[in-house]
Amino acid sequence: MSKKLIATGTGDSLFTADVPQEYFDGDFKPVYDYINSCDVKMTNLETNVGEFGDFPGAYSGGTWLNTEPRDFDDLVKFGFNFYGTANNHCMDYSYHGLISTLEELEKRNLAHAGTGRCLEEAGAPALLNVNGQKVAILALNCEYATIHTASRAGVTTKTMKGRPGVNYFSHNDYRKVDAEDLEKLKEIAEKSQINVSRNRSIAGGFLLPDPEGVFTFGDVKFCCDGSKKESECNKKDKERIINAIKAAKKENDYVFIMIHCHDSKGLSHENVPDYYEELAHACIDAGVSAVIGGGAHQLRPIEIYNGCPIFYSLGDFIYQGMRVKHLPADFMAKYGCDKDATAWEGLMARSKNNTIGLQVHKYNFMTVLPKMEFEDGKLVSLEMMPIVAGFKKEGKLDGLPYHTKGEETEEIFEVLDRLSTPYGTKIVKDGDMLKVIL
């Protein structure tokens, strides 16, 4: 007798405040019912959970995000049975904030993965037993330029404790030039002395020299090797993640992975970087049944690779970025506010009175809720509920997800179809639902 499994996953639940009863009485039910018609229900928890009693970190993922436990319980009502915690905000409130988040999840017996008290814990999968089948879910964060390596979880040794942090993934980026321009860059570097500190560190053994064909100018790597892509996976990190997937696959019927990636290829966030494609394909080759992507705050292409779906970004499922309750003095200083200004005053200063930023563009609020039906390990159908995360809705309804109708469904369809067609993915509209032709 065949075995079926139905899974869904979301992009970022950037959830920072309470949900009004009005939402629970109205738009909540269609979204809730759709999520809970699935066996595996995954979301990316794009915040910390605590009482604002922890130290703000010296850096953040862009905004210091934290949700009070009583408000977090409103997110739990959606019915998710897995929370990915690997993202660029996991260290916004330093080690204590990260541990507080883990403790709040553990207190509620909610499965989670992506951060931990050491790398071994952060990199371990969460395990679910649903519909008579064993499921493992991993989560990782792809590092990008503005996120410090201080968020990395550390390995435990015989003599040292591991370090709390995120299950990280690093990569190499290259700017391509011809051989003549590469030599000019070397001349400019010599004249400007931009690499003096770097060269001194290499001479002292603190940094490794550039590999053949690569030249680092300041912080940017250049090459004239036509065979190199603009970005590529770090080989050691890729090996670590692939080994974790293979180990999980040996013990489980299904493995899923959530990948948080802010990087893009070129100027548009819609464009998937080379290393991300490389990583997603390698994950499926190793045994993953679906890749659930987030981080870009907008939709990216859907690819069906070897019969398995890759959602390069599902955008924002919930976006309450303008409902952050408190922000530290570091944020206020950056935007010229008094250190004791309210969070709203700080956010208004950054957004130039709500005229720039993520919250002013509808495409940052558009997403889909996929329903992936598997049978005996194979994807047999893929349906999607189009969602808009309450774009410019009044008051506390702003940023909360609702199922689209008519024109808004058409908007999301057109975006996903345009992005996914180059990957060979065929999407059709069926009323106010979308389907991928397998």
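What the table below lists for this structure:
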| quantity | calculated |
| --- | --- |
| His281 vs. criteria of a type outside the set (S, T, N, Q), open to solvent by 10 Å² or more (accessible area, probe 1.4 Å) and not in a helix (DSSP H, G or I) | no |
| Residue check for Asp237: under 30 Å from Ala139 (Cα atoms) and either acidic (Asp, Glu) or at pLDDT 90 or above (or both) | yes |
| Residue in the stretch 415-433 that is surrounded by the most Cβ atoms within 10 Å (Cβ to Cβ), counting only those that are under 23 Å from the mean Cα position of the chain (by Cα) and closer than 27 Å to Leu14 by Cα | Leu416 |
| Members of the stretch 130-149 found to be modelled with pLDDT of 95 or more and farther than 15 Å from Tyr275 by Cα, listed by number | Val130, Gln133, Lys134, Val135, Ala136, Ile137, Leu138, Ala139 |
| Complete set of residues in the stretch 80-98 that are touching a strand residue (DSSP E or B) at 6+ places or on another chain (Cβ under 9 Å) and either farther than 30 Å from Tyr34 by Cβ or without any contact (Cβ under 8 Å) to a residue 12 or more places away in the chain (or both) | Met91, Asp92, Tyr93, Tyr95, Gly97, Leu98 |
| Residues satisfying the stated conditions in the stretch 210-239, i.e. in a helix (DSSP H, G or I) and surrounded by 17 or more Cβ atoms within 10 Å (Cβ to Cβ) | Asp237, Lys238 |
| Long-range neighbours under 6 Å by Cβ, at least six apart or interchain, first residue assigned to a helix (DSSP H, G or I) within the stretch 405-417, second open to solvent by less than 50 Å² (accessible area, probe 1.4 Å) and small (Gly, Ala, Ser) | none |
| Among (1) without any contact (Cβ under 8 Å) to a residue 24 or more places away in the chain; (2) under 28 Å from Phe374 (Cα atoms) - the single one Leu128 does not satisfy | (1) |
| Residues (open to solvent by less than 40 Å² (accessible area, probe 1.4 Å) and part of a helix (DSSP H, G or I)) located in the stretch 26-58 | Phe28, Val31, Tyr34, Ile35 |
| Residue, farthest from the chain's Cα centre (by Cα), within the stretch 352-411, restricted to residues that are of a type in the set (Gly, Ala, Ser) and surrounded by 17 or more Cβ atoms within 10 Å (Cβ to Cβ) | Gly390 |
| Residue list for the stretch 326-348, filter: surrounded by 17 or more Cβ atoms within 10 Å (Cβ to Cβ) and touching a helix residue (DSSP H, G or I) at 6+ places or on another chain (Cβ under 7 Å) | Leu327, Phe331, Met332, Cys337, Ala341, Gly346, Leu347 |
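The values are calculated or read from the model by the stated rules, or taken from the named source; none is laboratory data. Here the structure is a predicted model, which is why all the values come from computation and not from measurement. Reconstructed Cβ throughout: ideal geometry from the backbone, glycine too, with neighbour counts over all protein chains shown. With ligands, DNA and RNA removed, areas are computed over all heavy atoms of the protein, side chains included. Shrake-Rupley method; radii C 1.70, N 1.55, O 1.52, S 1.80 Å.
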